[in-house]
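The values are calculated or read from the model by the stated rules, or taken from the named source; none is laboratory data. Model, not experiment: these values are computed from the prediction. Neighbour counts are summed over all protein chains in view; Cβ atoms, including those assigned to glycine, are modelled from backbone coordinates with ideal geometry. Areas reflect the complete protein model, heavy atoms only, side chains present, ligands, DNA and RNA absent. Shrake-Rupley method; radii C 1.70, N 1.55, O 1.52, S 1.80 Å.
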Amino acid sequence: MQTLNLGILAHVDAGKTSLTERLLFAAGAIDEIGSVDDGSTQTDSMALERQRGITIKSAVVSFAIDGVTVNLIDTPGHPDFIAEVERVLSVLDGAVLVISAVEGVQAQTRVLMRTLRRLRIPTLIFVNKIDRGGAQDERTLRDISEKLTPAIMPMGSVRDLGARAAGFTTYGAADDAFTTALTDLLASHDDAFLATYVNDETAVPYHRLRDELAAQTKRALAHPVFFGSAITGAGVDALITGITDLLPAAEGDVDGPVSANVFKVERGPAGEKIAYVRVFSGTVRTRDRLRFRGDNEGKVTAVHVFDRGSAVTRASVTAGEIGKLWGLADVQVGDAIGASRTAAEYHHFAPPTLETAVVPRHPEEKGALHVALAQLAEQDPLINLRQDDLRQELFLSLYGEVQKEVIQETLATDFGIDVDFRETTTICFERPIGTGVAVEILGKEPNPFLATVGLRIEPAAAGSGVGVKLEVKVGSIPLFIYKAVEEFQKAIENTVRETLRQGLRGWQVTDCTVTITQSGYTSPESTARDFRLLTPMVLMSALQQAGTVVCEPVHRFHLDVPADTIGTILPVLARLSAVPRVPEIRGPACVLEGEIPAARVHELQRQLHALTRGEGVLEFAFDHYEPVRGAPPSRPRSDLNPINRKEYLLHVMRRV
Ligand SMILES: Nc1nc2c(ncn2[C@@H]2O[C@H](COP(=O)(O)OP(=O)(O)OP(=O)(O)O)[C@@H](O)[C@H]2O)c(=O)[nH]1
Ligand SMILES: [Mg+2]
């Protein structure tokens with residue numbers, strides 16, 4: 001039996017969970033259809049999801065149709081939980097992007113589609129909620145074509161739009177407008193196809209058009225669009241046919257070497273760790289020993305595979321399938337098992353832009369809080385749990401306020417720990433603006449360490465992160481010395497990365513290249529420790545020479561407001577350092593788009609109600625980082641600044 005791993009993605013509330021439920025029902029995997037509003041769906045199974053009516057964690061369910069097992073992955077749409085979507089992307093064979101026919105293309109829809117296209121994930125579009133008042137078909141199609149991609153193909157037409165009886169009829173060979181539009185779209189992507197068509201228009205029979213549409217959809221060149229309603233079930237059968245006909249089933253050699261990716265980690269009722277894996281190649285069996293993240297190893301004690309709705313016990317999980325594995329105690333989200341094709345470090349979306357300190361209400365629970373947060377970080381490493389050495393506080397990175405509330409509630413209900421958060425602040429970055437060079441020579445004052453380290457730091461392209469290069473020649477030296485040199489250089493590289501977590505103003509330094517220009521030691525006295533302690537001094541001195549600019553996250557916003565309020569809104573936007581584009585008046589409504597520093601978004605949200613008589617709707621999504629205008633903010637350091645040599649050396653000596 002073939003497998004298709006399918007992600008359901010959308011802006012919050014577009015109807016992903018309802019559609020997942022409807023697909024399961026239509027395929028006969030469940031007998032009764034659950035509802036998000038009653039808290040009875042298969043995939044919103046956490047108590048918090050049911051209470052809040054939103055999806056917080058990605059969840060897997062499955063159905064079988066026409067000899068294909070479809071593993072559906074329902075993802076959260078709220079931007080605070082985008083990390084959940086990120087982890088799922090690497091395991092998908094295809095996706096359904098859901099768009100509400102009432103709201104149209106929304107902020108998160110663009111972010112998701114941009115990523116799906118960049119990763120070349122075959123994607124169908126489902127325009128949902130055609131039964132709701134205010135639903136639009138033509139306008140939604142125009143919206144998709146203008147804002148997402150023009151490479152779309154409407155697969156049918158809608159009747160009784162906006163009424164409970166709304167339905168969807170698929171086009172066929174007899175619909176001339178459809179076959180002409182389809183031929184045009186397909187010909188624009190494939191020269192061979194275009195040539196056949198130009199030579200003889202009638203030479204392209206309908207089945208050839210369908211085959212070519214499937215081929216181009218599987219290559220993520222074309223995106224068929226379906227319409228329907230997750231609530232009434234309209235259009236859902238056509239969507240299922242589209243899923244099985246137009247999306248590619250998983251491939252992989254079941255007898256090959258094991259290669260798998262961990263995309264979700266959860267704890268079972270007894271606290272045991274469960275890893276969700278997508279297997280790309282090979283077969284994982286109970287009692288197999290698996291290697292992951294370097295030299296970590298674990299023995300699989302149980303395997304579950306998704307089958308008709310839920311997960312069932314099996315002896316093995318094979319290439320193409322998704323399974324749950326028990327027994328891998330040290331496994332983390334994002335781990336590659338065996339020779340996986342995806343690296344553990346993959347980031348398709350922006351990192352969290354906020355941070356906050358977490359404080360237990362009862363100070364004696366500090367230790368327990370650390371353990372609990374470490375467990376949450378295992379499931380979501382992007383929260384980036386860290387302890388501040390100077391102030392002894394625990395810090396988390398966050399996407400937004402809803403995620404913060406969810407963490408607070410999870411700590412209270414699952415771990416019995418009540419916490420408060422300090423003020424949430426924006427996370428900035430520092431980028432070097434020039435080149436800086438520094439060196440400390442072994443045996444030369446004031447270098448107290450048995451090591452020579454020379455470093456150069458220079459700016460690199462935006463978004464490139466930190467690169468470390470070597471300019472030192474190792475030359476022809478005996479192997480045992482070579483090993484030591486290698487170890488010392490590794491120590492320098494690791495320390496460079498560690499030190500750059502706090503730049504001149506306390507922010508992570510990024511988008512730079514650090515070159516090791518010199519390294520020296522004395523044998524056998526020098527140790528890796530000498531390099532680890534000296535490197536921060538050299539690097540910070542080079543960085544000071546280079547200078548840095550503090551960059552803050554900037555969001556792209558979309559504001560829907562009554563047209564007569566625009567005169568009062570524009571000055572407020574200016575005060576908040578937002579840069580709006582020309583307002584677009586649509587009758588009594590006005591659409592304003594532009595950019596705004598992430599730090600000011602909440603202020604805008606707070607004022608919007610009063611400014612627009614409660615009618616304004618604000619949507620935003622992260623766009624890019626840019627230098628802070630005005631005085632750059634600093635972040636208190638969490639440990640000693642190596643620029644202050646005297647204190648740094650005193651501290652280092654005291655630690656010995
Ligand atoms: N009328 C109508 N309502 C719908 C339809 N699909 C979903 N809804 C309603 O829209 C709301 C959101 O639906 P969900 O299925 O939770 O949306 P979601 O995309 O999973 O939301 P998140 O997971 O929180 O991002 C619920 O109140 C649903 O009942 C539809 O086709 N028609
Ligand atoms: Mg949902």
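Quick look at the values:
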{"quantity": "Residue match in the stretch 92-107 (condition: open to solvent by 30 Å² or more (accessible area, probe 1.4 Å) and under 30 Å from ASN199 (Cα atoms))", "calculated": "no"}
{"quantity": "GLU86 being free of Cβ contacts under 8 Å to residues at least 12 places away in the same chain, farther than 22 Å from LEU592 by Cα and in contact with a helix residue (DSSP H, G or I) (Cβ under 9 Å, 6 or more places away or on another chain)", "calculated": "no"}
{"quantity": "Selection within the stretch 193-245 - farther than 20 Å from ASP176 by Cα, open to solvent by less than 10 Å² (accessible area, probe 1.4 Å) and without any contact (Cβ under 8 Å) to a residue 40 or more places away in the chain", "calculated": "GLN216"}
{"quantity": "Looking only at the stretch 65-80, and only at residues there that are in a loop (DSSP other than H, G, I, E, B) and open to solvent by 10 Å² or more (accessible area, probe 1.4 Å), the one that is nearest to ligand 2 (Cβ to nearest atom)", "calculated": "HIS78"}
{"quantity": "Failed item in (1) assigned to a helix (DSSP H, G or I); (2) of a type outside the set (S, T, N, Q); (3) open to solvent by 10 Å² or more (accessible area, probe 1.4 Å); (4) away from ligand 1 (no atom under 13 Å from the Cβ), with ALA83 passing the rest", "calculated": "(3)"}
{"quantity": "Flag if THR612 is out of contact with any strand residue (DSSP E or B) (no Cβ under 6 Å at 6 or more places or on another chain) and either over 27 Å from GLN502 (Cβ atoms) or surrounded by fewer than 16 Cβ atoms within 10 Å (Cβ to Cβ) (or both)", "calculated": "no"}
{"quantity": "Residue tally, condition crowded, with 21+ Cβ neighbours inside 10 Å and among the acidic types (Asp, Glu), over the stretch 21-48", "calculated": "2"}
{"quantity": "Subset of the stretch 440-457 [in contact with a strand residue (DSSP E or B) (Cβ under 8 Å, 6 or more places away or on another chain) and surrounded by fewer than 18 Cβ atoms within 10 Å (Cβ to Cβ)]", "calculated": "ILE441"}
{"quantity": "Contacts under 8 angstrom Cβ, first residue in the stretch 41-53 being of a type in the set (A, V, I, L, M), partner not in a helix (DSSP H, G or I), 6 or more apart", "calculated": "MET46/ILE56; MET46/LYS57; LEU48/ILE56"}
{"quantity": "Matching strands (runs of 3 or more DSSP E) fully within the stretch 384-441 where at least 1 residues are under 26 Å from the mean Cα position of the chain (by Cα)", "calculated": "386-388, 393-398, 419-421, 429-432"}
{"quantity": "Odd one out for THR169, checked against (1) within 16 Å of ligand 1 (Cβ to nearest atom); (2) in a strand (DSSP E or B)", "calculated": "(1)"}
{"quantity": "Only one of LEU534, LEU570, LEU604, LEU559 that is without any contact (Cβ under 8 Å) to a residue 40 or more places away in the chain and outside any loop (DSSP other than H, G, I, E, B)", "calculated": "LEU570"}
{"quantity": "Residue ID - farthest from HIS78 (Cα to Cα), chosen from residues in the stretch 1-15 that are open to solvent by 10 Å² or more (accessible area, probe 1.4 Å) and away from ligand 2 (no atom under 12 Å from the Cβ)", "calculated": "MET1"}
{"quantity": "Scope the stretch 140-164; condition of a type outside the set (A, V, I, L, M, F, W, C) and either under 15 Å from LEU182 (Cβ atoms) or within 25 Å of the chain's Cα centre (by Cα) (or both); matching residues", "calculated": "ASP143, SER145, GLU146, LYS147, THR149, PRO150, PRO154, GLY156, SER157"}
{"quantity": "Some residue of the stretch 110-130 being of a type outside the set (Ser, Thr, Tyr) and closer than 30 Å to ALA412 by Cβ", "calculated": "no"}
{"quantity": "Unique match (being in contact with a Pro (Cβ under 6 Å, 6 or more places away or on another chain) and more than 14 Å from ligand 1 (Cβ to nearest atom)) among GLY94, GLY67, GLY28", "calculated": "GLY94"}
{"quantity": "Scope the stretch 363-376; condition without any contact (Cβ under 8 Å) to a residue 40 or more places away in the chain and under 12 Å from THR410 (Cβ atoms); matching residues", "calculated": "LEU373, LEU376"}
{"quantity": "So ILE596, is it loosely packed, with under 14 Cβ neighbours inside 10 Å and outside any helix (DSSP H, G or I)", "calculated": "no"}
{"quantity": "Among (1) under 30 Å from HIS555 (Cβ atoms); (2) open to solvent by 20 Å² or more (accessible area, probe 1.4 Å); (3) assigned to a loop (DSSP other than H, G, I, E, B), the one test that SER18 misses", "calculated": "(3)"}
{"quantity": "Enumerated strands (runs of 3 or more DSSP E) restricted to the stretch 207-297, each holding at least 2 residues that are of a type in the set (Phe, Trp, Tyr), over 28 Å from GLY156 (Cβ atoms) and more than 16 Å from ligand 2 (Cβ to nearest atom)", "calculated": "273-281"}
{"quantity": "Test result for ARG278, within 20 Å of ALA339 (Cα to Cα) and either touching a helix residue (DSSP H, G or I) at 6+ places or on another chain (Cβ under 7 Å) or without any contact (Cβ under 8 Å) to a residue 24 or more places away in the chain (or both)", "calculated": "no"}
{"quantity": "Residue in the stretch 538-545 that is over 30 Å from GLY587 (Cα atoms), open to solvent by 60 Å² or more (accessible area, probe 1.4 Å) and in a helix (DSSP H, G or I) present", "calculated": "yes"}
{"quantity": "Count of the stretch 115-138 residues which are open to solvent by 30 Å² or more (accessible area, probe 1.4 Å) and either within 16 Å of ligand 2 (Cβ to nearest atom) or free of Cβ contacts under 8 Å to residues at least 24 places away in the same chain (or both)", "calculated": "2"}
{"quantity": "Residues satisfying the stated conditions in the stretch 9-23, i.e. near ligand 1 (Cβ under 8 Å from one of its atoms) and among the aliphatic types (A, V, I, L, M)", "calculated": "ALA10, VAL12, ALA14, LEU19"}
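Conditions tested, residue by residue: (1) at pLDDT 95 or above; (2) more than 18 Å from the chain's Cα centre (by Cα).
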{"position": "THR69", "(1), (2)": "no, yes"}
{"position": "PRO79", "(1), (2)": "no, no"}
{"position": "ALA95", "(1), (2)": "yes, no"}
{"position": "ALA107", "(1), (2)": "no, no"}
{"position": "ARG114", "(1), (2)": "no, no"}
{"position": "ILE121", "(1), (2)": "yes, no"}
{"position": "VAL127", "(1), (2)": "yes, yes"}
{"position": "ILE130", "(1), (2)": "yes, yes"}
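Every residue, every condition in (1) open to solvent by less than 30 Å² (accessible area, probe 1.4 Å); (2) of a type in the set (Gly, Ala, Ser), yes or no:
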| position | (1), (2) |
| --- | --- |
| THR140 | yes, no |
| GLU146 | no, no |
| ILE152 | yes, no |
| GLY156 | yes, yes |
| GLY162 | yes, yes |
| ALA166 | yes, yes |
| TYR171 | no, no |
| ALA174 | no, yes |
| PHE178 | yes, no |
